[in-house]
1. Could you tell me the ratio Rg/Rh of chain B? Both radii from Cα atoms, Rh via Kirkwood.
2. Would the protein assembly as shown count as rounded, prolate or oblate if I go by the C-alpha gyration tensor, calling it rounded below 1.5 in a/c and otherwise prolate when a/b exceeds b/c, oblate otherwise?
3. Specify whether the C-alpha gyration tensor of segment A:61-264 places it in the rounded, prolate or oblate class, a ≥ b ≥ c being the square roots of the eigenvalues: rounded for a/c under 1.5, otherwise prolate if a/b is larger than b/c and oblate if not.
4. Taking the 0 to 90 degree range and rounding to the nearest ten, how far is the long axis of helix B:115-127 tilted relative to the main principal axis of chain B, both from C-alpha atoms?
5. Summarise the partner chain shielding of B:112-124 as one whole number: the mean count of Cβ atoms from other chains within 10 Å of each residue's Cβ.
6. Pairwise over distinct Cα atoms, reciprocal of the mean inverse distance: report the Kirkwood radius of segment B:21-129 in Å, one decimal place.
7. Rounded to the nearest 10 degrees, what's the angle between the helix B:140-168 long axis and the longest principal axis of chain B, both from Cα atoms, 0 to 90?
8. Per-residue mean of other chain beta-carbon atoms within 10 angstrom of the beta-carbon, peptide B:59-69?
């Protein structure tokens, strides 16, 4: 009996037979569905997130490219500005421009596999909440950004930054987390918008960059006092209003992305 | 053909044709010359209404997009498209007049320390991707849906962006929206009439574009029924 019930749902989930990674995970969650109760929101998110991270671990399509891009960009900035070290506003600007553009690489690739290999179809066939896709993709992008920053921020400290990074790191971490959440929300939404268009590689950054200007303003202004040479107090140098702006942005666009994302997935 | 098509167009056109000369007459003959900036300040009666109408058009486009997604009525998508399209045209006018005003009163064509101007540019850069996004999607139903999603997100972005940019720089521009009560009554009256004239112009142009688009669709449908292709 237990061998006979999952069989039809497995063939249903795997209807595009060549769609290997998404179909494999959909097949894995088949026993859950066979118990006649659709999986809950968080179970779906967890399954999708697991799939995303697994695919990324096996293909290494996004994160290594993003990290390498960031480090290369620091080298380019060194030669373009003809400076060995930077600090203050300049340092914050270089850091955030680099992180933002590196994030664009990940955003551009976020839904490409689902679009090309039938992952969307497999997901739509499953009786689950569509918003789970948004949450899982945003969390995956957040994880990519975290790994990117784990490499890019120390590399920045090593290559370009004049003041030592150590004592300001906790404050910088708060700014990074708040900005990453905004980038993840908008990035996921824009990636889903752009992936269905003919010029998806072009439209993704074109849409995302103006939308992320407030994040850049907030993040750069919040982190520039942390990156000055003679840092006065060490801790508590983050202007609270910029953190508040970032948090407000995250909240507003997180909710908007949640509200409109379902409409991008109907077919 | 269809009596609802283009209804009210004549009234709107006549109202606009009447309102614009009245507004211009008030601007040039009624409103006093401003003490500091002199004659140049008259561009205020063109630039600020243009900017307000543009931003309202963008937000309106977002609200119409919400209506489209709620009702699945394609006419709302058409309205949203027309509102955003017309706002883009008005927005270019705003940027040009703003630039002229900046050159006249501060000596530079572009002033980064002016938050309103900078936010406006960012919003224009965002909305400039509306049509490339829309027309890069072939399926008409999906095109309408995706364009609506964009219009909603961008419509919400308008106030958010103003907040962030305004926080980031010092005040330089006369704060018109907050301080119109500080204007002398003659100037305030002229400004309100100019704003009304500009809104009428926007509404008229939008309804012309809507009528033209609907008529073209109707014509296509009829000729398909009659067998012309």
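A short reminder: the numbers here are calculations on the coordinates, not readings from a lab. Because the structure is a prediction, the values reported are computed rather than measured. Reconstructed Cβ throughout: ideal geometry from the backbone, glycine too, with neighbour counts over all protein chains shown.
1. Radius of gyration relative to Kirkwood radius: 1.03.
2. oblate
3. prolate
4. Taking the Cα atoms of chain B, the angle to B:115-127 is about 10 degrees.
5. That average works out to 1.
6. For segment B:21-129, the Kirkwood estimate is 15.5 Å.
7. 10
8. Across B:59-69, the average partner-chain Cβ count within 10 Å equals 1.
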